[in-house]
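Scroll down for the structure; my scribbles are underneath it.
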Amino acid sequence: MDLHLKYSRRSNQSPKLDGYADADYVNDKDNHKSISGFCYFLFNDSSPVSYSSKKQSLVTLSIMEAETTVMMKATKEGL
């Protein structure tokens, strides 16, 4: 009951979408899949309006490929 999400803005604050994304290359040694995630905020000091943290559906061959995969998904969500 004491936990809540905070969605507020100051009267002079206009919305600005900020997004963050990252991938953890080959976190799962059994199937060699990476974990990726992203998070979007609409106002400073507010709760996220969109987020995801999942095991990637494909096996990437490098950290660059893992990061590119999460950036494509995060960009799609941001648009």
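The values are calculated or read from the model by the stated rules, or taken from the named source; none is laboratory data. The shown structure was predicted, so the numbers you read here are calculated from the model rather than taken from an experiment. Glycine also receives a Cβ, built like all others from the backbone with ideal geometry; neighbour counts cover every protein chain displayed.
Per-structure values
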| quantity | calculated |
| --- | --- |
| Criterion violated by GLU77 - all others in (1) in a loop (DSSP other than H, G, I, E, B); (2) surrounded by 13 or more Cβ atoms within 10 Å (Cβ to Cβ); (3) of a type outside the set (Gly, Ala, Ser) satisfied | (1) |
| From LYS54, LYS6, residue being touching a Ser or Thr at 6+ places or on another chain (Cβ under 8 Å) and modelled with pLDDT of 90 or more | LYS54 |
| Positions within region 10-43 being among the hydrophobic types (A, V, I, L, M, F, W, C), part of a loop (DSSP other than H, G, I, E, B) and at pLDDT below 85, in sequence order | PHE43 |
